[in-house]
1. Of all the residues that make up the stretch 114-152, how many are without any contact (Cβ under 8 Å) to a residue 24 or more places away in the chain, assigned to a helix (DSSP H, G or I) and not acidic (Asp, Glu)?
2. Exactly one of these conditions fails for Ile98: (1) buried (at least 21 other Cβ atoms within 10 Å of the Cβ); (2) on the phi > 0 side of the Ramachandran plot. Give me its number.
3. Could you please find all residues in the stretch 55-76 being surrounded by fewer than 21 Cβ atoms within 10 Å (Cβ to Cβ), free of Cβ contacts under 8 Å to residues at least 40 places away in the same chain and of a type in the set (Phe, Trp, Tyr)?
4. Looking only at the stretch 82-94, which residues are surrounded by fewer than 23 Cβ atoms within 10 Å (Cβ to Cβ) and over 17 Å from Ile140 (Cβ atoms)?
5. Between Thr135, Thr111, Thr79, which is surrounded by fewer than 21 Cβ atoms within 10 Å (Cβ to Cβ), more than 30 Å from Pro155 (Cβ to Cβ) and of a type in the set (Ser, Thr, Tyr)?
6. Among residues belonging to the stretch 23-44 that are within 14 Å of the chain's Cα centre (by Cα) and part of a helix (DSSP H, G or I), point out the one that is surrounded by the most Cβ atoms within 10 Å (Cβ to Cβ).
7. With the structure loaded, tell me whether Val70 is farther than 16 Å from Leu144 by Cα, in a helix (DSSP H, G or I), in contact with a strand residue (DSSP E or B) (Cβ under 8 Å, 6 or more places away or on another chain) and of a type outside the set (Lys, Arg) or whether it fails that test.
8. Checking Gln110 against (1) out of contact with any helix residue (DSSP H, G or I) (no Cβ under 6 Å at 6 or more places or on another chain); (2) under 20 Å from Glu30 (Cα atoms); (3) of a type in the set (S, T, N, Q), which test does it fail?
Amino acid sequence: MNSSRFFKHLFAPHWIVNRAFPRRALDSIEAAIAASEKTHDGEVRFAVEAGLHPLPLWRGQTPRQRAEEVFAALRVWDTEHNSGVLIYVQLVDRRIEIVADRGISAKVAQTEWDAICRRMEEAFRAGCFEQGALTAVAEITALLARHFPPGGANPNELPDRPVIL
């Protein structure tokens, strides 16, 4: 266990989420997700948190493991076509993970999701949180529209509002 990482998470104030993603940014991300989902049969969720809880962190939980945990907790897997995608932002580690349900993973390689994550991280390092998130949603939209075009009824199965954990 990395003690420096542990203490960064332990003392991370929750307000850093609001600084990076104020209400205006969350509203923009929500609108982008809603517009995105009209162009494909996928479902996109966006979740952000400041730091990890001490016990999982002490046990060495990685941002990827936390993203998979959040994917399950938010029931992103619970879509008719197994077409849920989670964008998970962990601010203290400055890591972004995209977790895609099995229906999408069969058609889109993890390397494509990872490339989107790294571009988001680059935008975030430059202080462009809202624009980085919106660009990522646009890139995800293009992938989903190509692999999961809308097929008739396209209900909104998951909330579009970003989640602050």
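1. 10
2. Status for Ile98: all satisfied but (2).
3. none
4. Correct list: Leu91, Val92, Asp93, Arg94.
5. Numbers: Thr135 fails: more than 30 Å from Pro155 (Cβ to Cβ); Thr79 fails: more than 30 Å from Pro155 (Cβ to Cβ).
When all the criteria are applied, what remains is Thr111.
6. Checked the stretch 23-44; the qualifying residue surrounded by the most Cβ atoms within 10 Å (Cβ to Cβ) is Ile33.
7. yes
8. (2)
Here, each number is a calculation from the coordinates, and none is a lab measurement. Computed from a prediction, not measured in an experiment: that's the story for all the values here. Cβ: placed from backbone, ideal geometry, glycine included. Neighbour counts: every protein chain shown.
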